[in-house]
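The values are calculated or read from the model by the stated rules, or taken from the named source; none is laboratory data. Source: prediction; values computed, not measured. When we count neighbours, we look across all protein chains shown, and the Cβ atoms used for this are built from the backbone with ideal geometry, even at glycine. These area figures cover heavy atoms from the full protein model, side chains too; ligands, DNA and RNA do not enter into them. Shrake-Rupley method; radii C 1.70, N 1.55, O 1.52, S 1.80 Å.
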There are 4 protein chains.
Amino acid sequence: MDSGSQRLAPAADIACSTASEKFMALASELAAVGRGFYARGWVLGTSGNFSAVISHEPMRLAITSTGLDKGALDAASFIEMDESARVVGGSGKPSAEALLHLAIVRELGAGAVLHTHSVWSTVLSGANAARGVVEIRGYEMLKGLGGVRTHEHTEWLPILENSQDMTELSVRVTKLLRDRRELHGFLLREHGLYTWGATVQEAKRHVEIFEFLMEVVVRASALPRAESTEKGS
Amino acid sequence: MDSGSQRLAPAADIACSTASEKFMALASELAAVGRGFYARGWVLGTSGNFSAVISHEPMRLAITSTGLDKGALDAASFIEMDESARVVGGSGKPSAEALLHLAIVRELGAGAVLHTHSVWSTVLSGANAARGVVEIRGYEMLKGLGGVRTHEHTEWLPILENSQDMTELSVRVTKLLRDRRELHGFLLREHGLYTWGATVQEAKRHVEIFEFLMEVVVRASALPRAESTEKGS
Amino acid sequence: MDSGSQRLAPAADIACSTASEKFMALASELAAVGRGFYARGWVLGTSGNFSAVISHEPMRLAITSTGLDKGALDAASFIEMDESARVVGGSGKPSAEALLHLAIVRELGAGAVLHTHSVWSTVLSGANAARGVVEIRGYEMLKGLGGVRTHEHTEWLPILENSQDMTELSVRVTKLLRDRRELHGFLLREHGLYTWGATVQEAKRHVEIFEFLMEVVVRASALPRAESTEKGS
Amino acid sequence: MDSGSQRLAPAADIACSTASEKFMALASELAAVGRGFYARGWVLGTSGNFSAVISHEPMRLAITSTGLDKGALDAASFIEMDESARVVGGSGKPSAEALLHLAIVRELGAGAVLHTHSVWSTVLSGANAARGVVEIRGYEMLKGLGGVRTHEHTEWLPILENSQDMTELSVRVTKLLRDRRELHGFLLREHGLYTWGATVQEAKRHVEIFEFLMEVVVRASALPRAESTEKGS
């Protein structure tokens, strides 16, 4: 399809139509994922944004228009943007955080990027801001992260200071991802989670895994650990 | 439309029909919002009430009839009332708290007012009653409040003592809103949240933002903050 | 309708058909309420049971058959029983706790009785078992209980020791309700809530109010109260 | 049906068709159960797996294919496997944990095995790992476990150390179940719950009961117990 777009008119037409179909398919898939996240309370109040790569070369992303109710997403809620976050299809403005989506896609070759604002990510990133990281280890659910094969894995979930300067923040994100290519996500302090995947479904799985683990980490920290083994009854 | 209502019969008829259509549209929109809040547990047990402005001049509001199950709202669950909380359309009685809705619309020119009773607003307003306010700062989600552009914003969420005397309480609300026009909402102690917006959708967004933030504030207060930076693994 | 059942055949036929229609209407209404409670996690694992009065004289109740998944209730999930908990219509066995439903209907003339097993009622009744009561005061939501007009009301929610001997337990329930006719519900220790109302809808409202308030009471007890008034910012 | 499969061609055909219908019926039933668990957050991120016995002799199980989104399960999400976890019908790979399902079915003659990953099971099994067990007693909800007749029952819920070696783990599970035939479930540390039943519906009920009780146990441990009886008001 991508190589097809360099050929003659008829083939290009087909490629165009195919690209447009891919946009629609990705936008519909992201919309369904987003409505599910809204139902769980992870993207309340128009928070959050979602993108997927239509093509890497040239770079084209389907991404949520800014300011929409995520409980009412459909394919028309998405615009198509290029590598500079310029709108090249659909109507609306890309999310202010489009630069972060682009940084992640560029650095890691991700196929989809999902950003949520949950209670647990907000609370956890606030409580651990001074350390700059949450380390998660020992949980079976870690195996839901791409490439992780055992619960003995330690996932390093960095916390970046929040900012309204998206250019500056996208530079910090780019730097972080260059240093730490093994990451599956990061937190913005008292803001939320960014995670990604090769596909929309993998990125969705990563959101579910991280949201689960963050709740577990907070709840476990409130619970005393039982001592030794006075088993049975 | 508003000016149309001062003209001759045919035009007035049209205006009437338009006002009636506006009532139906707002009532339907509020009903959908209310059913969603019920699903989240924010208006259980017939609690809560919702209104939207049909016209400011003369003042006409669509508002929930009192005592209804918010999980079963539809357009017929709403009545139309004037600036004195008298019913001028539909059947039923306006909520006892209609005077508070009117005070908010009058003072701030709001287009919609939403009142919810959540667990988190009840608990938070009880715990902070002696201080008379909850201050919320540093959270990205604050940007979901109209006109807020940065997480560095401090939102002042006042707590008014609860009362069954709605006339007296509406005077206190009016006074509060005159002194503090920058507010986006307030709490009634161990009762719930009032918030508003230019439109039903903005008011809905404000409910979601405040409900999210109140849960965050309570949960964060229970969590110790990590010290300094022994990063990495 | 009730008096009609003492007349001649044709009228009795009509009364019968009417009674049968009333059974169906109440069973359908209870089924819808029950599915909603299941969705909220208040009657998991076939727990809970629901009844409504078809007639007081003779006493006829529609009540859930024992052991059903409350997420799959429909009218066929209910049987009709008499004042001795004997099945007089429908197929199935009444809940083992049918005697408690009968005691409540007999003592208070209730039209519907609902019993739920929630996490909050289980935890709250366990923590306060030694005191034998939870007192709830100061919350606006108390006004959702029949006849309560102010948040300054104190609701006395007794905790009865749990038992598998339903005859013995129904005697204790009867005694409690004779002494305390102002009650709106009671807890069985580490078991759940019983509440009732003149109608199914009122009883449903009472469940929602109590479930809300029990969660509030537990969460509020975990939260320190702020001191005095260093207001504003 | 099973004996029918030893006869002549036509009967065998019928038996085959019947076995295939049984597979479809069980797969559809498990799919519905799984989607419900996903909605409650018990099998996020493709976690969890579900099986039911088509026949014991020869051993045939319908079991979830590995790596599926449990919110989108349907009958096609299941494969049929034999007593060695070899696929004998449907397309896909059985869950890596198929050996544990087989161990449970073999040792206890269970008709269905359900495995969930909830926040509460993860937190509870982590906090009590050193003791190797959670004992649950005194709760009415215990009666939802097969054969339990009173809340005075003590349920012994063992915690096995988690492992990625399924052969080794299935040996430990087999040994546990031989020693403790009265069990209704067990936990894998910081991983999740295994429970079972004679039917899919009984196993579903056991999941709901255990998930409820685990949340109760964690929440109750955080709550101080009230002293004695300064009753009334």
(message) Quick check: the angle from helix D:200-221's long axis to the longest principal axis of chain D, C-alpha only, nearest 10 degrees?
(response) 20
(request) Compute the relative contact order of the range B:19-81 as a whole-number percentage, counting only Cα pairs closer than 8 Å that sit 6 or more residues apart in sequence. (result) 39
(request) Please calculate the 1.4 Å probe accessible area of residue D:167, with all protein chains present, and give it to the nearest 10 Å². (result) 90
(request) Give A:70/B:70; A:93/B:204; C:22/D:22; B:22/C:22; C:143/D:204 a once-over and call out the pairs whose C-alpha atoms are over 32 Å from each other. (result) C:22/D:22; B:22/C:22; C:143/D:204
(request) Give the Rg (one decimal place) followed by the Dmax (whole number) of chain A, computed from C-alpha coordinates and expressed in Å. (result) 19.2, 79
(message) Under 8 Å for C-alpha pairs, at least 6 residues apart: give me the relative contact order for the range B:80-199, rounded to a whole percent.
(response) 33
(request) Using Cα pairs closer than 8 Å and at least 6 residues apart in sequence, work out the relative contact order for chain C, in percent. (result) 17
(message) For chain D, take the longest principal axis of its alpha carbons; what is the angle in degrees between that and the long axis of helix D:166-179, to the nearest 10 within 0 to 90?
(response) 70
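Note the direction-averaged projected area, equal to a quarter of the hull surface, for the Cα convex hull of the range D:101-220, in nm².
6.7
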(request) Give me the accessible area of residue A:84, 1.4 Å probe, in Å² rounded to the nearest 10. (result) 60
(request) Shortest first and in nm with one decimal, please list how far the residue D:39 label point sits from its counterparts in the other copies (point 7 Å along Cα→Cβ). (result) 0.7, 0.7, 1.0
(request) Report the FRET efficiency, 1/(1 + (r/R0)^6), for residue C:161 and residue D:149, where r is their Cβ-Cβ distance and R0 is 22 Å, rounded to 0.05. (result) 0.80
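Below 13 angstrom from the Cβ of residue D:203, what's the summed charge of the other residues (Lys, Arg +1; Asp, Glu -1)?
Summing Lys and Arg as +1 and Asp and Glu as -1 gives -3.
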(message) What does DSSP give for the protein assembly as shown in terms of the percent of beta bridges that are antiparallel, rounded to the nearest 5?
(response) 95
(request) Rounded to whole Hz and in sequence order, give me ³J(HN,Hα) for the range C:27-37 from the Karplus expression 6.51 cos²θ - 1.76 cosθ + 1.60, θ = phi - 60°, writing x for Gly and Pro. (result) 4, 5, 5, 5, 4, 5, 4, x, 4, x, 5
(message) Tell me the mean residue ellipticity at 222 nm calculated for chain D from its helices only (DSSP H runs of n ≥ 4, each -39500 (n - 2.57), averaged over every residue, nearest 500).
(response) -12500 deg cm²/dmol
(message) What does the net charge come to around residue A:26 if you take all other residues with beta carbon closer than 12 Å to its beta carbon, with K and R at +1 and D and E at -1?
(response) -1
(request) Tabulate in residue order the Karplus-calculated ³J(HN,Hα) for the range A:125-139, using 6.51 cos²θ - 1.76 cosθ + 1.60 with θ = phi - 60°, rounded to whole Hz; enter x for Gly and Pro. (result) 5, x, 5, 10, 4, 5, 7, x, 6, 10, 9, 10, 9, x, 9
(message) So the label point sits 7 Å from Cα along the Cα-to-Cβ vector; using that for residue D:181, what distances do you get to the other copies, in nanometres, sorted shortest first?
(response) 5.7, 5.7, 8.1
(request) Can you tell me the 0 to 90 degree angle between the C-alpha axis of helix C:98-108 and the longest principal axis of chain C, rounded to 10? (result) 80
(message) Just to make sure I understand: if all protein chains stay in place, what is the order of B:199, A:116 by accessible area at 1.4 Å, largest first?
(response) B:199, A:116
(message) In whole Hz and in residue order, list the ³J(HN,Hα) couplings for the range B:182-195 that follow from phi through the Karplus curve 6.51 cos²θ - 1.76 cosθ + 1.60, θ = phi - 60°; x for Gly and Pro.
(response) 7, 4, 10, x, 8, 10, 9, 4, 6, 9, x, 9, 10, 9
(request) Would you please give the residues with an amide H less than 5 Å from that of residue D:128, counting only those at least 5 places away or on a separate chain, with H modeled from the backbone geometry? (result) A:226
(request) Give the nm distances, rounded to one decimal, from residue D:109 to the matching residue in every other copy, measuring between label points 7 Å along Cα toward the beta carbon; shortest first. (result) 5.6, 5.6, 7.8
(message) Please find, among residues of chain A, the one with the beta carbon closest to the rotation axis relating it to chain B, distance in whole Å.
(response) A:222, 5
(message) Taking amide H atoms as placed 1.01 Å from N in the peptide plane, list the residues 5 or more away in sequence, or in a different chain, whose amide H sits under 5 Å from that of residue B:95.
(response) B:66
(request) Report residue C:56's accessible area, 1.4 Å probe, all protein chains in place, as a number in Å² to the nearest 10. (result) 90
(message) Using a Cα-Cα cut-off of under 15 Å, which aspartates and glutamates could be cross-linked to residue D:175, ignoring same-chain neighbours fewer than 8 residues away?
(response) D:107, D:161
(request) Please compute the net charge surrounding residue B:96, taking Lys and Arg as +1 and Asp and Glu as -1 over other residues with Cβ under 12 Å from its Cβ. (result) 0
(request) Return the inverse of the average 1/r over all pairs of distinct C-alpha atoms in the range D:29-165, which is the Kirkwood hydrodynamic radius, in Å to one decimal. (result) 16.3
(message) For the protein assembly as shown, what are Rg and Dmax over the alpha carbons, in angstrom?
(response) 29.5, 91
